[in-house]
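The values are calculated or read from the model by the stated rules, or taken from the named source; none is laboratory data. Predicted model only: the values in this text are computed from it and were never measured. Cβ: placed from backbone, ideal geometry, glycine included. Neighbour counts: every protein chain shown.
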Amino acid sequence: MDIKSLAQGRKITKEKCVENPTHQEIRDVLVAAGFKVGVENKLYSRERSKEFLYRGRIRVQFRNDDGSLYNSDFPTRDSIMHHLGEMIPKLKSRQNKGAGEQPQQNIGSNKGKGKGKGRR
């Protein structure tokens with residue numbers, strides 16, 4: 001868990017943060033907000049897992065070529081971050097995760113039942 005304060009480099013307050021957002025979730029929210037979004041296949045060098053889920057860098061067109069805002073609803077990078085923190089928990093994939101984890105645990109708990117004496 002990250003314990004940085006805003007003064008130490010935290011981007012937004014903990015209350016508005018999302019736990020482990022994926023690049024797919026970020027992309028979905030930004031596309032729905034009307035941004036042009038590009039996903040690059042990048043990996044943070046200190047990331048222990050090399051899985052596809054942890055890969056990806058999001059590139060957002062924040063301004064037009066003439067310097068004007070691309071989307072006037074989001075005048076700053078912080079406003080985009082706050083929007084992500086607000087909308088990612090509302091995604092269907094986030095709402096189903098809590099319900100989907102419990103049945104999987106029940107399936108795994110039945111492994112020991114029904115076994116015989118085994119090999120001699």
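Quick notes on this one:
- Filter pass, ARG48 being exposed (fewer than 12 other Cβ atoms within 10 Å of the Cβ), outside any helix (DSSP H, G or I), at pLDDT below 75 and within 18 Å of the chain's Cα centre (by Cα): yes
- Residues located in the stretch 40-73, provided they are among the hydroxyl-bearing types (Ser, Thr, Tyr) and over 16 Å from GLU25 (Cα atoms): TYR44, SER45, SER49, SER68, TYR70, SER72
- Cβ pairs under 7 Å, 6+ apart, first in the stretch 1-28 and farther than 19 Å from ARG57 by Cα, second part of a loop (DSSP other than H, G, I, E, B) and basic (Lys, Arg): LYS4/ARG10
- Residues satisfying the stated conditions in the stretch 6-43, i.e. exposed (fewer than 10 other Cβ atoms within 10 Å of the Cβ) and assigned to a loop (DSSP other than H, G, I, E, B): ALA7, GLN8, GLY9, GLU19, ASN20, ASN41
- Pick from the stretch 74-115, criterion among the hydroxyl-bearing types (Ser, Thr, Tyr) and under 15 Å from VAL29 (Cβ atoms), ranking: modelled with the lowest pLDDT: SER93
- Checked against the criterion of being modelled with pLDDT of 85 or more, surrounded by fewer than 10 Cβ atoms within 10 Å (Cβ to Cβ) and in a loop (DSSP other than H, G, I, E, B), the candidates ASP66, ASP2 yield just one match: ASP66.
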